[in-house]
1. Listed residues PHE235, PHE211, PHE223; which is under 22 Å from TYR57 (Cβ atoms), modelled with pLDDT under 95 and not small (Gly, Ala, Ser)?
2. If I filter the stretch 4-31 down to residues being under 30 Å from ASP93 (Cβ atoms) and surrounded by 15 or more Cβ atoms within 10 Å (Cβ to Cβ), which single residue comes out as modelled with the lowest pLDDT?
3. Do the conditions hold for GLU68, that is, is it outside any loop (DSSP other than H, G, I, E, B), of a type in the set (Asp, Glu) and either modelled with pLDDT of 95 or more or closer than 18 Å to PRO139 by Cα (or both)?
4. Tell me which of these ALA243 doesn't satisfy, since it passes every other one: (1) modelled with pLDDT of 95 or more; (2) buried (at least 17 other Cβ atoms within 10 Å of the Cβ); (3) assigned to a helix (DSSP H, G or I); (4) among the hydrophobic types (A, V, I, L, M, F, W, C).
5. Can you name the condition, by its number, that ALA85 falls short on among (1) in contact with a helix residue (DSSP H, G or I) (Cβ under 8 Å, 6 or more places away or on another chain); (2) among the aliphatic types (A, V, I, L, M); (3) farther than 23 Å from ASP146 by Cβ; (4) not in a strand (DSSP E or B)?
6. Considering only the stretch 246-265, state which residues are part of a helix (DSSP H, G or I) and among the acidic types (Asp, Glu).
7. Among the numbered conditions (1) within 30 Å of GLU276 (Cβ to Cβ); (2) crowded, with 22+ Cβ neighbours inside 10 Å; (3) at pLDDT below 95; (4) touching a helix residue (DSSP H, G or I) at 6+ places or on another chain (Cβ under 8 Å), tell me where GLY54 comes up short.
8. State all residues of the stretch 177-207 that are closer than 15 Å to VAL167 by Cβ, out of contact with any Ser or Thr (no Cβ under 7 Å at 6 or more places or on another chain) and in contact (Cβ under 8 Å) with a residue 24 or more places away in the chain; if no residue qualifies, say none.
Amino acid sequence: MTSLPLFGMSPEEPDRIGHATVEFREARSILTPGSGFMRGFDFTLNPYSGCSFGCTYCYAAFFAREQELRDRWGYWVHVKKNAVALLRRMRTDLRGKTIYMSSVTDPYQPIEKTTELVRTILRELVRFQPRLVIQTRSPFVTRDIDLFKEFEVIQVNMTVTTDSERVRRAFEPLCPSTRRRLDAIAEVGAAGVRTAITMTPLLPLEDPPSFADAVRLTNAAHFVVQPFHREQGKFVRGTREEALSLFRDMAWDDDGYRRAVTVLRARLPNLFEGQEGFAPI
């Protein structure tokens, strides 16, 4: 272990956080021009590579450069230890630019409690005042409410995929519960920060009307839904058969998804489907 030179409260660089191995690496860049699904944004910003939440359907796993890393998705994190230095050396004027954090990792996964890298990045970004969207599934996001309130334009998105703990444990076994996520995003919104809930992908639901009501009570500004394509969906760590069994048991096919969306649309204001829900603010 070596000392942390730029950020965080810990004097050391841990090589493990919980179940995940950790490496601190130098990155070549910290802002990437928006492309593909994120093409509406000027930049994406990913403070980490890998994600110890390890959702079994996560598309980001397939961006890992090495097969070994793809196979161990959810069990490793690489910290971009020079991220703040890269921002400080930026020559691009970021005022008013749209930034999406994060597209292929979760900024508030457990390692953030040790490094405080995202918090340090936010302090830098406040100086530039970009139009910032933050995407997470972690209740830990509430830590930074004070900094969110310093941005002129910001939105915090919370991913919530199901009302069933059985389903969540199958697809997101290392993630916080749905209830904790809903409580956290409600707290962010109550502080005066614009919020959204992204049900992406929408996994099998036990009680769509009750789920819709619970989501609506967070008072998010808008909501996004999109399907998980169960036949073509990407899985890691051997969850595919268990997932398909859940889909069958809960009658969750294209028709089931559409029925659920009909319920959501009737009960949620400003519901978008797919990419349009991720447009820059």
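1. Values: PHE211 fails: modelled with pLDDT under 95; PHE223 fails: modelled with pLDDT under 95.
Just a single option satisfies the conditions, and that option is PHE235.
2. Of the residues in the stretch 4-31, the ones under 30 Å from ASP93 (Cβ atoms) are 4-8, 24-31.
From what's left, surrounded by 15 or more Cβ atoms within 10 Å (Cβ to Cβ): 4, 7-8, 24, 27, 30-31.
Values: LEU4: 45, PHE7: 57, GLY8: 51, PHE24: 96, ALA27: 95, ILE30: 96, LEU31: 96.
Once the filter is applied, the top-ranked residue is LEU4.
3. Details: outside any loop (DSSP other than H, G, I, E, B): yes; of a type in the set (Asp, Glu): yes; either modelled with pLDDT of 95 or more or closer than 18 Å to PRO139 by Cα (or both): no.
It is false that GLU68 is outside any loop (DSSP other than H, G, I, E, B), of a type in the set (Asp, Glu) and either modelled with pLDDT of 95 or more or closer than 18 Å to PRO139 by Cα (or both).
4. ALA243 satisfies all of (1) modelled with pLDDT of 95 or more; (2) buried (at least 17 other Cβ atoms within 10 Å of the Cβ); (3) assigned to a helix (DSSP H, G or I); (4) among the hydrophobic types (A, V, I, L, M, F, W, C) except (1).
5. So the condition that ALA85 fails would be (1).
6. Restricting attention to the stretch 246-265, the residues satisfying the condition of being part of a helix (DSSP H, G or I) are 246-249, 254-265.
ASP249, ASP254, ASP255 - these are the residues of the stretch 246-265 that are part of a helix (DSSP H, G or I) and among the acidic types (Asp, Glu).
7. All conditions are met except number (4).
8. ARG181, ASP207
The values are calculated or read from the model by the stated rules, or taken from the named source; none is laboratory data. Only a predicted model underlies this, so the values are computations on that prediction, with no experimental measurement involved. Cβ: placed from backbone, ideal geometry, glycine included. Neighbour counts: every protein chain shown.
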